[in-house]
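Colleague: Have a look at this one.
The values are calculated or read from the model by the stated rules, or taken from the named source; none is laboratory data. On a predicted model such as this, the values are computed, not experimentally measured, just so you know. Counting neighbours? That spans all protein chains shown, and the Cβs are built from the backbone with ideal geometry, glycine included.
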Amino acid sequence: MKNIYRISKYMLFATVFSILLISCSSDTETVEVIKEVEVVKEVPVEVVKEVEVVKEVPVEVVKEVTKSKGDLVIYSGRKESLVGPIIDQFKSISGINVEVKYGTSTEIAAQLMLEGSKSPADVFYAQDPGAVGSVIDMLQQLSPESLENIPAWAKSDKGKWIGVSGRARVLVYNTDNVKASDMPKTLNDLCDPKWKGRMGWAPTNSSFQTMVTAMRNIWGEDKTMDWVKCMMANDVKVYPKNTPQVEAAGKAEIDIGLVNHYYLYKFILDAGEGDKFKARNLHLDSGGPGSLVMVSPIGIMSTAKNKDNAQQFVDFMISKVAQNYFVNSTREYALIDGVKSGHPLITPLDDITKANISLSDLADIQGSAKLLQEAGALPK
């Protein structure tokens, strides 16, 4: 009995001792868990702070996007496909709300004359000097900074417009049917009967009419009229503009076309490497009207409501950003220093014998249209 009591006593003691150990162990774990919970509670406080910092970012962006910098209205005689991308780039960079009215240069000039002092236009951006020259009295003086960046031959002698990019008149020819050495040396050579039915022109195109204006200045009215009539007698084919002439020359539908230089290179690039597109340009080097180098002029209207924005746009168009666009995208000539030709087949501007005429003398494009009408090359 005593042994049983002792065993029971020991068992009771062991049980109590175990309970105490368990209790102590439980107390210790509880303390440690509480400590861990307290540490975890500190973490979300830092996360909340980080969220508050993130909330500050969009506020600044919204302010920049919604900030208004005014308006600008451009009347463009150049096609949207050619100049739309660079105008959009100006809009993006400047934040200015830009509205563009597109049309031919002659149409835009006529519209400006019709609207007069009530015109909403701030800027006239034309394809050729003739169109701008016809509204020269509606333009204001450009800033000295704009004028000094452009060579003398490529701007108004009155300081009212400057050239943005250059375009040379050329003869585009089919390389399978005509050798470069057999090509005409002057525009007068096109009257040779051997070219009968083999040529194309675009008498409604403003660049062509500007070339005719140069003829009238250099040759006189009578000789110009004789040339137009001899071309018609040689069954020159009529095209609506430059591009289809270049395409026709590449397909041997015509052997020679009278165009601006830069249309050719898109066809060459689209055709791939080598001589797959069978047409090339010839620059006449006689110094006559056939070697005319024109510019796409830009001017600010004297009635402009947004003069500061207009001047900002003019300056942008002769910046290296815009000049590189014209060289590499439309294949025109840059008119500022430091921007090189964008295609190896393009004759450098300095290597071209330019027509002996001031671009300011090309204003009477209406007189050229009238001459073409009288000759029967244009409908009356």
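Colleague: A271 - would you say it is small (G, A, S) and in contact with a Phe, Trp or Tyr (Cβ under 6 Å, 6 or more places away or on another chain)?
Modeller: So A271 fits the description; yes.
Colleague: Turning to a different aspect of this structure: Determine which member of the set D235, D226 is surrounded by fewer than 23 Cβ atoms within 10 Å (Cβ to Cβ) and either touching a residue at least 40 places away in the same chain (Cβ under 8 Å) or out of contact with any Lys or Arg (no Cβ under 7 Å at 6 or more places or on another chain) (or both). Before the answer, list the steps.
Modeller: Numbers: D235 fails: either touching a residue at least 40 places away in the same chain (Cβ under 8 Å) or out of contact with any Lys or Arg (no Cβ under 7 Å at 6 or more places or on another chain) (or both).
Of D235, D226, the one residue that is surrounded by fewer than 23 Cβ atoms within 10 Å (Cβ to Cβ) and either touching a residue at least 40 places away in the same chain (Cβ under 8 Å) or out of contact with any Lys or Arg (no Cβ under 7 Å at 6 or more places or on another chain) (or both) is D226.
Colleague: If the requirement is being more than 19 Å from the chain's Cα centre (by Cα), small (G, A, S) and not in a loop (DSSP other than H, G, I, E, B), which of these qualifies: G290, G299? Even if it seems obvious, please write down each step before you answer.
Modeller: On the way: G299 fails: more than 19 Å from the chain's Cα centre (by Cα).
Checking each option against the conditions leaves just G290.
Colleague: Give the residue, chosen from S143, S181, that is more than 23 Å from E253 (Cβ to Cβ) and of a type in the set (G, A, S).
Modeller: S143
Colleague: Name every residue in the range 271-287 that is crowded, with 23+ Cβ neighbours inside 10 Å and part of a loop (DSSP other than H, G, I, E, B), in order of residue number.
Modeller: If the condition is that a residue be crowded, with 23+ Cβ neighbours inside 10 Å and part of a loop (DSSP other than H, G, I, E, B), then L284 is the only one that fits.
Colleague: Among the residues of the range 122-138, which ones are more than 19 Å from the chain's Cα centre (by Cα) and not charged (D, E, K, R)?
Modeller: G130, A131, V132, G133, S134, V135, I136, M138
Colleague: Just to be sure I understand the filter: pairs with C-beta atoms under 7 Å, separated by 6 or more residues or on different chains, first member in the range 73-86 and farther than 14 Å from F326 by Cβ, second member polar (S, T, N, Q) and not in a helix (DSSP H, G or I). Which pairs pass?
Modeller: G77/T104; G77/Q127
Colleague: Just to check your reading of the model, which residue among A310, A304, A355 is part of a helix (DSSP H, G or I), of a type in the set (A, V, I, L, M, F, W, C) and crowded, with 21+ Cβ neighbours inside 10 Å?
Modeller: Numbers: A304 fails: part of a helix (DSSP H, G or I); A355 fails: part of a helix (DSSP H, G or I).
Going through A310, A304, A355 in turn, just one is part of a helix (DSSP H, G or I), of a type in the set (A, V, I, L, M, F, W, C) and crowded, with 21+ Cβ neighbours inside 10 Å: A310.
Colleague: Take the residues in the range 54-87 that are in a helix (DSSP H, G or I) and modelled with pLDDT of 50 or more; name whichever of them is surrounded by the fewest Cβ atoms within 10 Å (Cβ to Cβ).
Modeller: Ranking the qualifying residues of the range 54-87, first place goes to S81.
Colleague: Here's a follow-up. Among (1) modelled with pLDDT under 95; (2) within 21 Å of A152 (Cβ to Cβ); (3) surrounded by fewer than 18 Cβ atoms within 10 Å (Cβ to Cβ), which single condition is K320 missing?
Modeller: Unmet condition: (1).
Colleague: Something else about it: Out of the range 91-108, which residues are at pLDDT 95 or above and closer than 21 Å to A154 by Cβ?
Modeller: Correct list: I108 only.
Colleague: Follow-up. Given the options T243, T224, name the one that is assigned to a helix (DSSP H, G or I) and farther than 21 Å from S368 by Cβ.
Modeller: Among T243, T224, only T243 is assigned to a helix (DSSP H, G or I) and farther than 21 Å from S368 by Cβ.
Colleague: Return only the number of the condition from (1) under 29 Å from the mean Cα position of the chain (by Cα); (2) on the phi < 0 side of the Ramachandran plot that G159 does not satisfy.
Modeller: Single failed check for G159: (2).
Colleague: Under 7 Å between Cβ atoms, at least 6 apart or on separate chains: pull out the pairs that start in the range 144-173 with a residue that is more than 16 Å from D351 (Cα to Cα) and end on any residue that is among the aromatic types (F, W, Y) and surrounded by fewer than 24 Cβ atoms within 10 Å (Cβ to Cβ).
Modeller: That search, which allows pairs on different chains as well, returns nothing.
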